[in-house]
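Read through the structure below, which is laid out as structure tokens, and then see the notes.
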Amino acid sequence: MRRLWHTPWRFLLILWTVVPLYFRYFRLWAKKRWFGRSTPPEVWSRVHTKSARAFYRLAVRMRGGLIKVGQIISTRVDIMPPEWVAELSKLQDEVDPQPWKVIRKRLTSELGAPPDELFAEIEEEAVAAASFGQVHRATLKDGRRVALKIQYEDIAMKLSCDLFVFRCAVPLFNVFVPKIRLRTIYEEVKKALTTELDYRQEAEYTRLVGENLGEVPHIVVPRVVEEFTTEHVICTTYFEGFKITDAAKREAAGIETLDLIQKLIRAYAHQFFVDGVFQSDPHPGNLLVRGGEEGAEVCILDFGQVKVLPRGFQRKLVHASVAFMGRDVDGFIRAVSKMGVLSERDVEIARPIIQEFFDEMYEMTPTDLKDIDIEDMKEKIQSVIDRIEGIHIPQDIVLYGRAISLLSGVIAGLDSHVNGILVAKPMIMEALMRPENFAPLEEDEGAEPQAAAVA
């Protein structure tokens with residue numbers, strides 16, 4: 001709390017934007033909920049546009065955790081209003097960097113000498129700027145091209161303020177979804193974001209995921225350069241590529257979209273279902289591509305947000321995914337029940353909506369999803385939620401859900417007619433066949449302690 005009041009202006013400015021934004025939507029929700037009055041599409045569009053622009057201005061000005069939230073929203077082209085997606089997509093790579101003199105001072109403090117003495121060459125203009133830091137290209141004295149990510153000096157204080165606001169917002173948003181424990185999600189995200197401030201931890205996970213994905217063809221993870229890595233600076237080899245969502249450059253490089261989607265899904269299926277260790281922040285700014293003689297290569301960047309799943313939980317995740325692929329409702333319910341999502345009493349109540357979800361949505365593409373009656377589906381889901389004790393979201397699944405959400409948005413942006421579920425099916429089945437996953441869930445020996453999350 002003491003840090004928060006060092007920047008009272010930040011706290012007040014966030015509230016000045018977020019409170020009116022919240023009540024804009026609350027008013028429309030209440031009109032429908034309490035009086036049964038629908039809102040015309042043009043009114044919704046105006047509210048979306050005004051709210052998205054206000055949030056974008058706030059995030060760019062305040063930086064910190066607000067940009068992280070905006071990046072997640074901007075990737076959900078399949079479910080978010082286009083006004084929000086268009087406005088917040090600028091947060092992926094249009095955030096203004098800090099001046100070079102500020103960054104040079106930070107580098108000198110962290111590395112013990114001015115950067116021009118340590119590197120053969122370093123570019124003063126940032127190649128990317130994000131919520132917690134910015135990236136500069138440099139050349140080592142041995143000729144290797146590297147990327148230097150430098151953390152902003154005041155980011156810890158800003159993040160503490162943002163997390164306080166998010167914590168205050170949790171009970172407000174729980175009014176809309178009273179039986180979903182948003183506090184669990186908040187606690188996991190809080191742990192993830194605060195851990196992301198330690199770049200030494202990020203370096204460890206960069207090495208780990210790089211080793212794990214070494215057997216997956218056409219996937220690149222940068223290598224850490226230890227000599228120039230500290231708690232607030234991380235140095236990695238540089239990947240010469242472009243954002244995965246840049247359609248013009250993909251076409252010029254002769255990269256096939258479906259092939260790219262398959263490689264991306266294979267990389268994440270391997271992390272989810274084989275390794276149990278995954279980068280949980282796959283927004284477009286962290287996914288680069290380039291053409292090659294043997295096909296396109298995908299580079300995964302930024303391992304500040306990594307999740308390590310407990311072994312037992314990972315097995316349940318594999319079994320739930322395989323049951324979904326096979327439309328095995330009983331198997332799916334058994335797996336999610338063992339995860340602790342539903343109580344035994346609630347299983348039969350939830351079964352009809354799960355069955356309908358399997359029947360209606362299994363083969364849908366993102367384009368198809370936009371054509372379904374969302375209000376009808378929401379009412380059916382709400383009718384089930386109203387009758388059960390509550391949906392518990394285990395902390396181990398929060399960042400997994402976040403990664404799936406971001407990945408789905410990226411795939412929808414690449415080709416809205418591709419069904420990522422069907423593309424992933426053979427990869428998930430392959431994971432099930434591995435000896436460590438093949439045994440039935442009944443052989444699990446209870447819950448394992450939760451692994452640390454890094455985000």
What is the number of the single condition among (1) free of Cβ contacts under 8 Å to residues at least 60 places away in the same chain; (2) over 30 Å from Phe313 (Cα atoms) that Tyr238 does not meet? (1)
What are the residues in region 1-35 that are modelled with pLDDT under 80 and hydroxyl-bearing (Ser, Thr, Tyr), if any? Thr7
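Quick one: is Arg266 assigned to a helix (DSSP H, G or I), within 19 Å of Glu293 (Cα to Cα) and of a type outside the set (A, V, I, L, M, F, W, C)?
Details: assigned to a helix (DSSP H, G or I): yes; within 19 Å of Glu293 (Cα to Cα): no; of a type outside the set (A, V, I, L, M, F, W, C): yes.
Against the criterion (assigned to a helix (DSSP H, G or I), within 19 Å of Glu293 (Cα to Cα) and of a type outside the set (A, V, I, L, M, F, W, C)), Arg266 does not qualify.
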Could you tell me whether region 95-111 includes any residue that is surrounded by 19 or more Cβ atoms within 10 Å (Cβ to Cβ), of a type outside the set (A, V, I, L, M) and at pLDDT below 85? no
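Say whether the condition of being within 28 Å of Asp259 (Cβ to Cβ) and of a type in the set (Asp, Glu) is met by at least one residue in region 190-203. Explain how you work it out, then say what you get.
First, the residues of region 190-203 that are within 28 Å of Asp259 (Cβ to Cβ): none.
No, there is no match, as no residue in region 190-203 is within 28 Å of Asp259 (Cβ to Cβ) and of a type in the set (Asp, Glu).
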Can you name the condition, by its number, that Ala267 falls short on among (1) assigned by TED's automatic domain parsing to the domain that holds Glu117; (2) surrounded by 19 or more Cβ atoms within 10 Å (Cβ to Cβ)? (1)
Any hit, region 237-247, residues being in the same structural domain as Asp275 (by TED's automatic domain parsing), within 28 Å of Arg266 (Cβ to Cβ), at pLDDT 85 or above and assigned to a helix (DSSP H, G or I): yes
Quick one: which residue in Pro99, Pro114, Pro81 is touching a helix residue (DSSP H, G or I) at 6+ places or on another chain (Cβ under 7 Å) and without any contact (Cβ under 8 Å) to a residue 12 or more places away in the chain? Pro114
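Residues are listed down the side, and each one gets a yes or a no for (1) touching a residue at least 24 places away in the same chain (Cβ under 8 Å); (2) farther than 19 Å from Asp415 by Cβ:
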| residue | (1), (2) |
| --- | --- |
| His218 | yes, no |
| Glu226 | no, yes |
| Thr230 | yes, yes |
| Val233 | yes, yes |
| Ile244 | yes, no |
| Ala252 | no, no |
| Phe273 | yes, yes |
| Pro282 | yes, no |
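Run down Leu172, Leu163, Leu148 and say which single residue is buried (at least 19 other Cβ atoms within 10 Å of the Cβ) and modelled with pLDDT of 80 or more. Spell out the reasoning first.
On the way: Leu172 fails: buried (at least 19 other Cβ atoms within 10 Å of the Cβ); Leu163 fails: buried (at least 19 other Cβ atoms within 10 Å of the Cβ).
Selected residue: Leu148, the only one of Leu172, Leu163, Leu148 that is buried (at least 19 other Cβ atoms within 10 Å of the Cβ) and modelled with pLDDT of 80 or more.
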Return the residue satisfying two criteria in turn: it lies in region 270-303 and is at pLDDT 90 or above and among the aliphatic types (A, V, I, L, M), and of such residues it is farthest from the chain's Cα centre (by Cα). Ala296
Unmet criterion (only one of (1) surrounded by fewer than 19 Cβ atoms within 10 Å (Cβ to Cβ); (2) free of Cβ contacts under 8 Å to residues at least 24 places away in the same chain) for Ala323: (1)
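How do the helices (runs of 4 or more DSSP H) wholly within region 338-425 filter down when requiring 3 or more residues that are closer than 30 Å to Ile261 by Cα, under 20 Å from the mean Cα position of the chain (by Cα) and modelled with pLDDT under 75: which remain?
Working: elements: 344-361, 366-369, 374-385, 395-414.
In region 338-425, the matching helices (runs of 4 or more DSSP H) lie at 395-414.
The values are calculated or read from the model by the stated rules, or taken from the named source; none is laboratory data. Given the structure is predicted, the values throughout are model-derived calculations rather than measurements. Here the Cβ is made from the backbone with ideal geometry for all residues, glycine too, and neighbour counts use every protein chain on show.
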